[in-house]
1. Under the definition of Cα pairs under 8 Å and six or more residues apart, what whole-number percent is the relative contact order of the chain?
2. To the nearest 10 Å², what's PHE44's accessible area with a 1.4 Å probe?
3. If one puts a single equal scatterer on every Cα of the range 28-119 and applies the Debye formula without solvent, what log₁₀ I(q)/I(0) results at q = 0.11, 0.17, 0.23 Å⁻¹?
4. Give the Cα extents of the range 138-185 along the principal axes, in whole Å, largest first.
5. Of LYS68/LYS98; LYS86/LYS154; LYS86/LYS138, which sit over 21 Å apart, Cα to Cα?
6. Report the Rg/Rh value for the range 26-70, based on alpha-carbon coordinates and the Kirkwood definition of Rh.
7. Principal axis extents for the chain, Cα atoms only, whole Å, descending order, please.
8. Considering the Cα trace of the range 99-190, what is its radius of gyration and what is Dmax, both in angstroms?
Amino acid sequence: MLPAPPGSGTPGSTFSQPSDVAWDRAGNIYIADGVGTTNRVAKFDKDGKFIRQWGSTGSEPGQFNGVKALAIDAQGNVYAADPGNKRIQVFDADGTFKSQFGGVGMPMALCITSGATQYLYVSHVGDQSGMDDATIYKVQLDGKVVGRFGSAGKLPKEFGVANSIDCRSENDLLIGEMSNWRIQRVTLKR
């Protein structure tokens, strides 16, 4: 029997530049592994035991062109940022494709708020340095954009490769920027 290729998700395999991690309510761990040679989401239980993986390279539903970020909603759905295909794909907890949506540029970071009405925040970086185009989108979980703010730059409320978002509430965000080497706290008007 031939050994599984690296990053295939079998016990003992390795990742190829994982870019994000998310946890569901049961403590299961989901890892985005799509920056290097693989394009997959790997799922492990709370003790780190491999459960399954899904995804491959491509543009069809369930395929990725650089899966970059993950977020999980209150129902356990997994949202995967697929910037190379300019979309976000939604899967159930077992990796079954449910839906996809675009209209949010090249999604690089995701965050889902808590509460009765959840929102997805998505950072868009339109160029490698993030200094030609940068926006944060506020999106309903069905993909409808309900707001956007920001632009590229170094001033407050401007962004340079926003590669992480923390959104513990709907209107208070922490946004990490790679090319500006900073974290901004942004409070949205209610």
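The values are calculated or read from the model by the stated rules, or taken from the named source; none is laboratory data. All values reported here derive from a predicted model rather than from experimental measurement. Remember, those area values only see protein heavy atoms, side chains included, never the ligands or the DNA or RNA. Shrake-Rupley method; radii C 1.70, N 1.55, O 1.52, S 1.80 Å.
1. Numbers: 515 pairs, mean separation 20.3, N = 190.
Here the relative contact order equals 11 percent.
2. Rounded to the nearest 10, the figure is 40 Å².
3. -0.28, -0.66, -1.18
4. 32, 20, 15
5. Values: LYS68/LYS98 19 Å; LYS86/LYS154 25 Å; LYS86/LYS138 16 Å.
Correct reply: LYS86/LYS154.
6. On the way: Rg = 10.8 Å, Rh = 10.7 Å.
Reported Rg/Rh, Kirkwood definition of Rh: 1.01.
7. Rounded to whole Å, the extents work out to 57, 36, 29 Å.
8. 12.2, 36
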